[in-house]
Amino acid sequence: MRPDREEAFLQYVTSRKQRLHRVAYHLLGDRDRADDAVQHTLTVLYQRWSRMHEVANLDGYVHTMVVHECLRDRRRWLARVHLRAAPPDVPVAAADPEIEQRMLLRAALRELPDRQRTVLVLRFLCDLPVLEVADLLGLAEGTVKAHTAKGLDALRRRLDTATTRSLA
């Protein structure tokens, strides 16, 4: 690859990789698998970089690549093999209610069925409209709306239950 294109690629990746990783993490629920999904996406992107000037919406294209890689990852049998029963302890700031709320939300998201979690992450974390989510996942708009409604309802129930338990 020419040095100027390589520099453009590096700048692009540096400015977008945190956002891509955040999306992958929320779709997969695991930092290591999210790292792998983003790394695979960026490897493919690097191979195609010389043709990317033809793409009208590069961010949308790369975002779609990450989502598809996450969906592929969830289908792999090896993704279901866990070496530990629970993730190792992660140190957090003591008694920070915002962190506690985020942890409750992430735990509740992980309990949702894959399709509902994917739709909620794309709709609300990535701020994508129903039509784009439908196109991205190959679903009808009504199906996306139904998954959104059911997912939000299930999420509310789980969060209400978790909040009630933590107050008791």
Report the label-to-label distance for Ala140 and Glu7 in nanometres (one decimal), using points 7 Å from each Cα along the Cα→Cβ vector.
5.2
Kirkwood hydrodynamic radius (Cα pairs, Å) of the stretch 26-71?
11.1
Of all the accessible heavy-atom surface of the stretch 117-168, with the other protein chains kept in place and a 1.4 Å probe, what percent is carbon and sulfur?
55
Spin-label point model (7 Å from Cα, Cβ direction): what's the Val44 to Arg157 distance in nm?
3.5
Please report how far the C-alpha centroid of the stretch 1-39 lies from that of the stretch 130-146, rounded to the nearest whole angstrom.
25
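Among residues other than Gly29 whose Cβ falls under 12 Å from its Cβ, what is the net charge (Lys/Arg +1, Asp/Glu -1)?
Details: positive: Arg31, Arg33, Arg74, Arg106, Arg110, Arg117; negative: Asp30, Asp32, Asp73, Glu111, Asp114.
Residues near Gly29 contribute +1 overall.
The values are calculated or read from the model by the stated rules, or taken from the named source; none is laboratory data. Since the structure is predicted, the reported quantities are computational estimates derived from the model, not experimental observations. Quick reminder, even Gly has a Cβ in these numbers, built from the backbone with ideal geometry, and neighbours come from all protein chains shown. Note: accessible area is taken over every heavy atom of the protein model, side chains too, but ligands, DNA and RNA are not part of it. Shrake-Rupley method; radii C 1.70, N 1.55, O 1.52, S 1.80 Å.
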